[in-house]
1. So how many Lys-Lys pairs in the chain land under 24 Å Cα to Cα, not counting same-chain pairs under 8 apart?
2. Please give me, ordered by residue number, the trypsin sites (Lys or Arg not before Pro) of segment 56-139 that lie in loop per DSSP and have at most 15 other Cβ atoms within 10 Å.
3. For H97, H39, what ranking results if the residue with the fewest other Cβ atoms within 10 Å of its Cβ goes first?
4. With angles folded into 0 to 90 degrees, how steeply does helix 69-83 sit against the dominant principal axis of the chain? Use alpha carbons for both and round to 10.
5. If packing is taken as the average count of other Cβ atoms within 10 Å, what order do 72-80, 12-20, 53-61 fall into, highest mean first?
6. Need one number: convex hull volume per residue for the chain, Cα atoms only, in Å³.
7. Rank these for me by crowding, D5, D87, going from fewest to most other beta carbons within 10 Å.
8. Given R₀ = 25 Å, what would the calculated FRET efficiency be for R8 paired with R135, taking r from the Cβ atoms and rounding to 0.05?
Amino acid sequence: MPFRDKLRQILSVKESPRKIAFAFALGVFIGMSPLLGIHTVLGIFAAWILRLNKFVTVVGVYVTNPWTIVPIYTFGTWVGAKILGIDRIIPDVNWAHLTARELFHALGPFLLPFIVGSTLLGIVSGSLSFFLVYRMVKKSRG
């Protein structure tokens, strides 16, 4: 189902514009969070705990999907590195003789920038999406 169709469904949800916008924004935040692999479950659980629309929250979570995940997390890691003052995080790797142990060691410097950057990106994107969806819902209801 294309995003445009999901957007129409979001706009037709019978809840307050603020609650719809919050559900979507929460989903966007969770989708961009560093908690890779548990986004959907976490989105549904958070929506259930906060009594938000689960569909709207999961649509927000799926802003991060197989097509967008690489650019989102790459940008988030870059932002995290800049915030932490790290100029060079790409390690020297001997690709010809790479073992799993060496790979994990080589990826170590990415962890903190990834966590910091993707969390910040989630906060900013979630906040912006709240205001955008809120305005769209208000406008669609006249």
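1. So the count works out to 13.
2. R88
3. The fewest-first ordering by Cβ neighbours comes to H97, H39.
4. With rounding to tens, the tilt is 70 degrees.
5. The packing order, highest mean first, is 53-61, 72-80, 12-20.
6. Each residue corresponds to 120 Å³ of Cα convex hull volume.
7. By the 10 Å Cβ count, ascending: D87, D5.
8. Efficiency, from the Cβ-Cβ distance: 0.95.
Read-outs: derived from the displayed coordinates by stated rules, not from any lab. All of these numbers come straight from a predicted model, not from anything done at the bench. Reconstructed Cβ throughout: ideal geometry from the backbone, glycine too, with neighbour counts over all protein chains shown.
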